[in-house]
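Have a look at the structure below, then the notes.
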């Protein structure tokens, strides 16, 4: 094995590892299935080429291309990364909220084929099918030659160092609170949205950074091999990278590097050891390579879908006895925890002072400190005005006005108007298909309304997306299990914490020293909740491994971690042991006593009897009646619609 | 699932190529008499292809609409575990679906080869993407959507070849799909969200 061969291996491995890290970050961590990944590498390659090459008339003008700026190193590589990242921007519309994952995947796949066809056929752009050649290596102008051994080693060292930098970068992102949000989005994007995660921003960040990594890897590659043509980046090359990531272990960065070394590099190199014989059909070996890659994908997804190195579980030690000695065990935990947060969370701690008179003389309203309602909402709060004029009734927090939702001609919710008052535990009952869950989904922003208006804390939130409503303190839970399966119970809880300094791209990059304090405070709060609901022992189990009832608890705790001012619960006690259901009910009443507002859908009338006041009855998409359970039992239409039917 | 399908594609496509050695096979039939009418010139083979595709569309329609298997397929697609609990052997329905799909694809392959006159293992490479585009254009899971999507994609590619170089005809098809994904994310006949 000569040194030239070794160099080749190292550089190819570095380039492929860098691309695989980008793809693993998109696919394994953030759940963005980018079937067009290769076009970002291609774009980086072309960018580096046309930045480094002299004008198209050079070398007798045998190739035609745009650009040709003849820029010195390292500008071509920087340009490659920038172009890869910028190219990702138009694709964000494909991965935004509107498009389901498989649609986005097909859209990206189609785009990859489309761009390849364009570049192949339109010669003036990038020399068409023949591709670019004679791309200068770094420092070629200074007379360094690509054939000298010392130069080769320096090149390899540079490539490896850049790959290491990318590795450090993706690790830093993934192991931060921001990375946790990415993984939460991967596991269940609707729920992440309802907890205040901006899916579009998260996915855009992943597409752009992944695109930049792919672009840089392409730039390094073309500088080394000095040619680049459409044949090098057919859409099937993306499949090779996917194979590498799946085999190595999606979501595990070391796995991505191993996958890169095993699949793209390994398959190139292993053919050298095959005997060459003229008796073999001409395309046999390359064909068999593709067959083997296909087989590997299918076998791994069948036998070991988590890959060679599965995603690592994040163990987070509970503060232990410290948690029980501090007063975090009570409902007041929220106050204590947010008070211990510094800087950004200061606003939360001054809630009692800033809360205006809309509490309407109810001192208990100021004891619980959810996130403050936005100041502008407080100043012009019609709900507060109503409240004061209404014989001491607490203010309206959430109101629906003539809300309608149609599903292809069926009116699931047919002109509902009702109000939820501050500090109440309002029940919502009705027969199956009455439109309760649909109404809840519209209140939280998971579903858009067909017509009508939603008012939250005096603000019209009809057009406000779910994640923004969550940030305003309006948080929902789901009827069907909606835990983040591949996050631990503790991580599920932590994922909902608003205002963590590490829960942004910049914060994640600044490192644990920057966000560690917020994280520790969040862990303390989560520990308090876990102990209250008796799940502390499961803190480091995957939420997907829990029983149905435990998952409901995780979901309720997660919603509480979001520091809601108003909580929308969709059958929180379904599948929960009756005794535990009582305890949850009592906790909810206590939270309402501290000023939280809760709207709860529930079928168990005993629960309604015991905890909810008032209760709203829905049937066939309309509000039928409202009052205490006592009053409702006396009304014949309610009894007919629900209690009997 | 998409990844598995692409993996299987690689296995079969290049498996065939490894066996046949990548040589093109020519497959020519006598073109038969030519029909002319309404400005169209169709030879016998083309007429047969058109009649076949109409027959297949009718057959799929009949299968989904009027047979027990078709009903079972639609039930399984809507909710697999519920279908199973209702006494439908979901796994068998899925197998049957794969078999029917395979048969239809095989027929499409024969027709493609007859029309093209020669083919090799990789000649339908781009076809896969075109078909995906057609299905997603119509709305996945919608049989009529797929038919509509196929007609739109087919017409878009061929008609556009009149106005722009034929090299770009597939580009048009893909642009149509991307625009549609932006405007109507669930497909032409897909259920709105």
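Throughout, read-outs are computed from the coordinates displayed, never taken from laboratory work. Bear in mind the structure is a predicted one, so any value in this text is a computation, not a measurement. Note that each Cβ is placed from the backbone with ideal geometry, even for glycine, and that neighbours are counted across all protein chains shown.
How would A:456, B:66 line up from fewest to most surrounding beta-carbon atoms within 10 angstrom?
Listed from fewest to most nearby Cβ atoms, that is B:66, A:456.
In terms of the ratio Rg/(2.2 N^0.38 Å) built on C-alpha atoms, what value belongs to the stretch A:407-446?
This ratio for the stretch A:407-446 stands at 1.27.
If you find the alpha carbon centre of the stretch A:546-571 and of the stretch A:512-530, how far apart are they in angstrom?
Distance between centres, Cα-based: 19 Å.
How many Å³ per residue does the convex hull of the Cα positions in the stretch A:166-293 occupy?
Each residue corresponds to 137 Å³ of Cα convex hull volume.
Going 7 Å from the Cα of residue A:306 toward and past its Cβ, which residues in the stretch A:245-270 have a backbone nitrogen under 12 Å from where you end up?
Under cut-off, by backbone N: A:249-250, A:252.
Taking every pair of distinct Cα atoms and averaging 1/r, then inverting, what Kirkwood hydrodynamic radius in Å comes out for the stretch A:1-151?
The Cα-based Kirkwood calculation yields 17.3 Å.
If only Cα atoms are counted, what is the Rg of the stretch A:581-623, and what is its Dmax, in Å?
11.3, 34
Stretched out fully, how many nm does the piece from residue A:603 to residue A:269 gain, at 0.36 nm a residue minus the Cα gap?
113.9 nm
Once a ≥ b ≥ c are taken as the square roots of the eigenvalues of the Cα gyration tensor of the stretch B:124-193, is the result rounded (a/c under 1.5), prolate (a/b larger than b/c) or oblate (a/b not larger than b/c)? List each step's numbers first, then the result.
Working: a/c = 2.19, a/b = 1.76, b/c = 1.25.
In terms of gyration-tensor shape, prolate.
Among A:592, B:105, which comes first, second and so on when ranked by fewest other beta-carbon atoms within 10 Å? Kindly include the intermediate steps, with their values, before the conclusion.
Numbers: A:592 22, B:105 14.
Taking fewest neighbouring Cβ atoms as first place, the list is B:105, A:592.
Between the stretch A:44-69 and the stretch A:432-449, what's the alpha-carbon centroid distance in Å?
That distance is 57 Å.
What FRET efficiency do you get for residue B:51 and residue A:587 if R0 is 51 Å and r is their Cβ-Cβ distance, rounded to the nearest 0.05?
0.15
Where the centre of each part is set by its Cα atoms, how far does the stretch A:576-623 sit from the stretch A:146-184, in angstrom?
52 Å
Mind checking the full-extension length gain between residue A:402 and residue A:129? Use 0.36 nm per residue of separation minus the Cα-Cα distance, one decimal, nm.
92.3 nm
Quick one: if the Förster radius is 45 Å, what FRET efficiency do residue A:633 and residue A:316 give, using the C-beta to C-beta distance and rounding to 0.05?
It comes out at approximately 0.40.
Multiply the residue gap between residue A:227 and residue A:468 by 0.36 nm, knock off their C-alpha separation, and tell me the result in nm, one decimal place.
That works out to 82.0 nm of additional length.
What list do you get for A:57, A:194 if you sort them by fewest beta carbons within 10 Å? Could you put the intermediate results ahead of the total?
Values: A:57 10, A:194 27.
Going from least to most buried by this count: A:57, A:194.
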